[in-house]
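Encoded as structure tokens, the structure appears first; notes follow it.
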């Protein structure tokens, strides 16, 4: 077959994918595997992007809901035809991202969520036949609900309940009972209210209830820990304790509690122990003065005096100090010799010593620990041997002193798993946020992979430059081999020859097609010729 036949065969092919298939078959096996893997990955990413984009992007519209609020919101969304998802044990409601604002506005118009409590809207539907007692009960319920809603807006508070006791008005003022209020807080996972927030809740409640004083307010959290005790607060102020002293005491308790908690977390793991520390500090300032006198043998002499008297004479009666001895006529200091002469002598020594006195003044700084109480609750998964060892470790860590009445209680109880569930929910929310970002990145990643695939394919095909599309290489070589070769020097002889008559031949349609092809795509024809030259070379 000649070259013309090969070109004719190329021009006669009508399948548009035939050139690509032939070029694919001519690629090396490793290049085919690499391009196939990139293509499969691109298709997988495009499929995942399509699947993810077909699902609505769900975001959290409400969280920390009470069961009754979740049920009411679910019913309202179903009646409105809005798709929703419940999470966090029913406390979280998610809706499509493009309908979050619309859903919140519509539910707010419907009075949802109510915060798990009834507010003063209880009087929106008043029964005219209600008695005064019913009105008072409804007012107390509405006030409790309004206070709970206000407390729920604080950072770290998931839910709250308020109980108010409003006694009847007495005839005599001295018989009037005081109002009391109790606040139960359900905190978010890992949240802890500081003293300023607790005082804020106390002031909010006392200023909202008529006749309520700080001494009648009690605040506890969902773990049973007392955050504010009005009776203790009032007693502290009656004893003269200032807020700064109470703050120092609280900081000391929290410091010990934090140290013990960190120590237990390293042994039994985080979330498997609960520590409570209560300390009684003495803020009295005490000064004492003491004098100490040294022993006599350690005295330092300051001055000494010695007096000596002597007398020798003839029988002179020297009297003694007036008294019984003198009256009796005997001289204690007189001796009589044989010849009747007398001798008298007296020696008196006086030594004055410095007083060995030590005066010390002691001032005891306020804030000393008078009594310490520590309570440790361990998860029931902790063994008895670990409990005994941890008891000794905690006692040493807090500096327990039984002589001053310090106490330590270590018990094992099953822990509530709701905290761990909250952590899982929080992790799920973080995963949802990650998937939202992933949905935005995946389309760009798919476009990048498709671009890389096309560039690699074009680069691979461009390097080879095999031949014109659709022209098999063996046929081109056989056609070139069958053509007659020109004799050496024939082209030069033709150039020197005079004007020769033109040889008229009939036009060859194949030749015209080749010429048209060369004019239309000269680069491809040049590649074919270069290939022939390299093959025959």
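No value in this document is a laboratory result; all are computed from the given coordinates. The shown structure was predicted, so the numbers you read here are calculated from the model rather than taken from an experiment. Backbone-built Cβ (ideal geometry, glycine too); neighbour counts: all protein chains shown.
Just want the ordering: 99, 266, from fewest to most Cβ atoms lying within 10 Å of their own Cβ.
Taking fewest neighbouring Cβ atoms as first place, the list is 266, 99.
Here the gap between residue 282 and residue 267, fully extended at 0.36 nm per residue and compared with their Cα-Cα distance, gives a gain of 2.0 nm.
Listed by Cβ neighbour count within 10 Å, with the fewest neighbours leading, 406, 291, 527, 213 appear as 291, 213, 527, 406. Extension gain for residue 523-residue 348 works out to 48.3 nm (0.36 nm per residue, less the C-alpha to C-alpha distance).
Can you sort 523, 250 from fewest to most other Cβ atoms within 10 Å of each residue's own Cβ? Walk me through the numbers before you get to the answer.
Working: 523 8, 250 13.
Placing the least packed residue first, the sequence is 523, 250.
For residue 530 and residue 188, the difference between the fully extended length at 0.36 nm per residue and the C-alpha to C-alpha distance is 115.3 nm.
Placing a pseudo-label 7 Å from each Cα along the Cα-to-Cβ vector at residue 21 and residue 222 gives an inter-label distance of 6.7 nm.
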